[in-house]
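Taking it in order: structure first as structure tokens, then the write-up.
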Amino acid sequence: MMRKFSVNSKLSVKTKWYRLIAILLMTFTVMAAKAADKRVGILVYDGVLTSDVTAPLEVFGVASRLSWFNDYEAITVSVSNQKTITTEEGLKIGVDAWIGDAPELDVLIVTSSYDMAPIINNKNLIGFIQSTAENADWMASNCSGAYLLAEAGLLDGKKATTWAGGESDFQKSYPNVNVQENQNLVVDGNVVTSNGSLVSYQAALKLLHLMTSESKAKEVADALQYSRFSSQSF
């Protein structure tokens, strides 16, 4: 037997669907707005070492797709106003922001190159690092990026490291830093310094661990198959 519906009942069903769709759209809008209100900034510039950038981009990029970290996004922050940069190894990377925009960051990771002098002598960059440190939850460096943190005065009186084998030169350049030798990474307060290359992955996972928990960092490490090539803890 065919069921009969009145015009009013049909309108009622349509109204309910419209309301449901409206609620869902509002929910998705709120979720989207909520999904990226915190930023992990990774410093980029022409000649930067690729792994210093790609390691934290991958670690925090994977994490940002998980429910417990989806209020963060990982962005590249360029020293100059340009759309792309080219790494030392020839990889072109898109730029999300530049220091002249003074982007608000919850975390800043500074990176390295084989020739740090132009970067260290960039007063605008050093000023940006100093001002970012005033409000950021975490500051970090890979490889000789530690020179930038030291130049900004952020490592005075703190334990820190730089590229493996460069500790003594780093100590001579910045005598107020308590340079640690033969350590992949060093945590002192809200500052994480590390060697570069593959250690950049370990350092990024350690930073994620400090920002969340060891188990959550392990979830990302497992997704990246970190344990298949390294037994180093984070």
Among the numbered conditions (1) in a strand (DSSP E or B); (2) over 21 Å from the mean Cα position of the chain (by Cα), tell me where Val192 comes up short.
-> (2)
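Taking Ser131, is it free of Cβ contacts under 8 Å to residues at least 40 places away in the same chain, in a helix (DSSP H, G or I) and over 28 Å from Arg39 (Cβ atoms)? Spell out how you get there, then give the answer.
Working: free of Cβ contacts under 8 Å to residues at least 40 places away in the same chain: yes; in a helix (DSSP H, G or I): yes; over 28 Å from Arg39 (Cβ atoms): no.
The answer is no for Ser131.
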For Ala223, indicate whether it is of a type in the set (Gly, Ala, Ser) and crowded, with 16+ Cβ neighbours inside 10 Å.
-> no
Matching residues, region 80-98, being outside any loop (DSSP other than H, G, I, E, B), touching a Ser or Thr at 6+ places or on another chain (Cβ under 7 Å) and not aliphatic (A, V, I, L, M) | Lys92, Gly94, Trp98
Which of (1) touching a helix residue (DSSP H, G or I) at 6+ places or on another chain (Cβ under 6 Å); (2) within 26 Å of Glu88 (Cβ to Cβ); (3) free of Cβ contacts under 8 Å to residues at least 40 places away in the same chain is the odd one out, the single condition Gly196 does not satisfy?
-> (3)
Between residues in region 39-61 that are assigned to a helix (DSSP H, G or I) and residues that are surrounded by fewer than 20 Cβ atoms within 10 Å (Cβ to Cβ), which pairs lie under 6 Å by C-beta distance while being six or more apart or on different chains?
-> Thr50/Glu89; Thr50/Leu91; Ser51/Ser197
Taking region 200-216 and keeping only residues that are surrounded by fewer than 23 Cβ atoms within 10 Å (Cβ to Cβ), in contact (Cβ under 8 Å) with a residue 40 or more places away in the chain and in a helix (DSSP H, G or I), one is left with Leu210, Met211, Lys216
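Looking at Ala217, is it out of contact with any Phe, Trp or Tyr (no Cβ under 7 Å at 6 or more places or on another chain) and among the hydrophobic types (A, V, I, L, M, F, W, C)?
Working: out of contact with any Phe, Trp or Tyr (no Cβ under 7 Å at 6 or more places or on another chain): no; among the hydrophobic types (A, V, I, L, M, F, W, C): yes.
Judged against the criteria, Ala217 is not a match.
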Residue check, Ser113 modelled with pLDDT of 95 or more and in a strand (DSSP E or B) = no
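Can you name every residue in region 218-234 that is free of Cβ contacts under 8 Å to residues at least 60 places away in the same chain and in contact with a helix residue (DSSP H, G or I) (Cβ under 6 Å, 6 or more places away or on another chain)? Talk me through it step by step, then tell me what you get.
First, the residues of region 218-234 that are free of Cβ contacts under 8 Å to residues at least 60 places away in the same chain: 218, 221-222, 225-234.
Across region 218-234, the qualifying residues are Ala221, Gln232, Phe234.
The rows are residues; the columns are (1) among the aromatic types (Phe, Trp, Tyr); (2) at pLDDT below 95; (3) closer than 21 Å to Asp106 by Cα.
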{"site": "Lys158", "(1), (2), (3)": "no, no, yes"}
{"site": "Thr161", "(1), (2), (3)": "no, no, no"}
{"site": "Ala164", "(1), (2), (3)": "no, no, no"}
{"site": "Lys172", "(1), (2), (3)": "no, no, no"}
{"site": "Pro175", "(1), (2), (3)": "no, no, no"}
{"site": "Glu181", "(1), (2), (3)": "no, no, no"}
{"site": "Leu185", "(1), (2), (3)": "no, no, yes"}
{"site": "Gly189", "(1), (2), (3)": "no, no, yes"}
{"site": "Gly196", "(1), (2), (3)": "no, yes, no"}
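So if I check each of Val95, Val40, Val48, which one is surrounded by 12 or more Cβ atoms within 10 Å (Cβ to Cβ), at pLDDT 95 or above and within 30 Å of Ser215 (Cα to Cα)?
Values: Val95 fails: within 30 Å of Ser215 (Cα to Cα); Val48 fails: within 30 Å of Ser215 (Cα to Cα).
Step by step, each of Val95, Val40, Val48 is checked, and only Val40 is surrounded by 12 or more Cβ atoms within 10 Å (Cβ to Cβ), at pLDDT 95 or above and within 30 Å of Ser215 (Cα to Cα).
The values are calculated or read from the model by the stated rules, or taken from the named source; none is laboratory data. Just so you know, these numbers come straight off a predicted model, no measurement behind them. Cβ atoms come from the backbone with ideal geometry, glycine included; neighbour counts cover every protein chain shown.
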